[in-house]
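The values are calculated or read from the model by the stated rules, or taken from the named source; none is laboratory data. Treat the numbers as computed from the prediction; the structure is a model and nothing was measured. FYI the Cβ positions are ideal-geometry reconstructions off the backbone, even for glycines, and counts take in every protein chain you see.
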Amino acid sequence: MAELDYKPGSVEDFDRLYRSSFNRILYTIYGILGDRSAAEDCTHDAFVRAFKAWKNWKPDAPAEAWLHRIAINVAYSHLRQGRLREVGELVRRLGRPGPSQDPAQLAEGSELFRALRKLPPDQAAAVVLRHHHGYTNREIAIALGAPESTIASRLAKAKERLRAELMWAKSPESKAEDSRAFVSERDARVVLTDGPIT
């Protein structure tokens, strides 16, 4: 169903929003925090806060962008407070082996993910929302609570920092590697490739 079909305060509509956006919200928060356990906790906290505020949501902003704003604020609060998770909780979460490797664990080991974690949280959030979720600058601005011009600036700064972090892709040592990530000179997209970079 379309975004316009959400009705503020409707439990059924919030359930639909939860089901359709949970993984995207989790990935965004994971990109900001770099810690899967903390991202899961913050994502759940964000959905609880959003549910409590659901009756006040204004349909002039996309529901998922509104939800991203809440989730990103929760992640920022987590970073500011510097809460540390206990080892027992981490072991409990990671102790159950899955049938296959978690895609988040695969991403965590990539050069791109390591470079993304080095960005300031506001830049990392903008990059994830743009390049992973396909948000426009307007939607990112709503999600982050910042002017569109600020979003354009954050994306430009993030592009430069990612280019510097991923410069290894142009070094002679990296030519032997099978997989590379780089920031496209032409259109500022982050590109993953299995072949040579030309």
| query | Scanning the range 163-177 for residues that are touching a Lys or Arg at 6+ places or on another chain (Cβ under 9 Å) and closer than 24 Å to LEU129 by Cβ, which turns out modelled with the lowest pLDDT? | reply | ALA169
| task | Name every residue in the range 131-171 that is without any contact (Cβ under 8 Å) to a residue 60 or more places away in the chain, under 24 Å from ALA61 (Cβ atoms) and of a type in the set (Ser, Thr, Tyr), in order of residue number. | result | THR136, SER149, THR150, SER153
| query | Which residue out of ARG138, ARG130 is assigned to a helix (DSSP H, G or I), crowded, with 19+ Cβ neighbours inside 10 Å and among the charged types (D, E, K, R)? | reply | ARG130
| remark: When restricted to ALA152, ALA124, the only residue in a helix (DSSP H, G or I), modelled with pLDDT of 75 or more and crowded, with 21+ Cβ neighbours inside 10 Å is ALA124
| said: Whether any residue in the range 14-21 is over 20 Å from ALA141 (Cα atoms), in contact with a Phe, Trp or Tyr (Cβ under 9 Å, 6 or more places away or on another chain) and among the aromatic types (Phe, Trp, Tyr) is what I want to check. | reply: yes
| note | Pairing a residue in the range 7-28 that is polar (S, T, N, Q) with any residue that is in a helix (DSSP H, G or I) and surrounded by fewer than 18 Cβ atoms within 10 Å (Cβ to Cβ), where Cβ atoms lie under 8 Å and the two sit 6 or more apart in sequence or on different chains, gives THR28/HIS132
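Pull up the range 1-50, narrow it to residues that are among the small types (Gly, Ala, Ser), more than 17 Å from the chain's Cα centre (by Cα) and surrounded by 12 or more Cβ atoms within 10 Å (Cβ to Cβ), then point me to the one that is nearest to TYR76 (Cα to Cα).
Let us first name the residues in the range 1-50 that are among the small types (Gly, Ala, Ser), namely 2, 9-10, 20-21, 31, 34, 37-39, 46, 50.
If we keep only those that are more than 17 Å from the chain's Cα centre (by Cα) as well, we get 2, 9-10, 50.
Restricting the remaining residues to those that are surrounded by 12 or more Cβ atoms within 10 Å (Cβ to Cβ) gives 10, 50.
Details: SER10: 28, ALA50: 16 Å.
It comes out as ALA50.
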| request: Filter the range 51-69 for residues that are among the aliphatic types (A, V, I, L, M), touching a residue at least 24 places away in the same chain (Cβ under 8 Å) and part of a helix (DSSP H, G or I) and give the result. | output: ALA63, ALA65, LEU67
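Report the residue count in the range 112-129 for those that are of a type outside the set (Phe, Trp, Tyr) and either touching a Cys at 6+ places or on another chain (Cβ under 6 Å) or over 17 Å from LEU79 (Cα atoms) (or both). Can you show your working first?
First, pick out the residues of the range 112-129 that are of a type outside the set (Phe, Trp, Tyr): 112, 114-129.
Then keep just the ones that are either touching a Cys at 6+ places or on another chain (Cβ under 6 Å) or over 17 Å from LEU79 (Cα atoms) (or both); that gives 112, 114-115, 127-129.
Total satisfying the criteria: 6.
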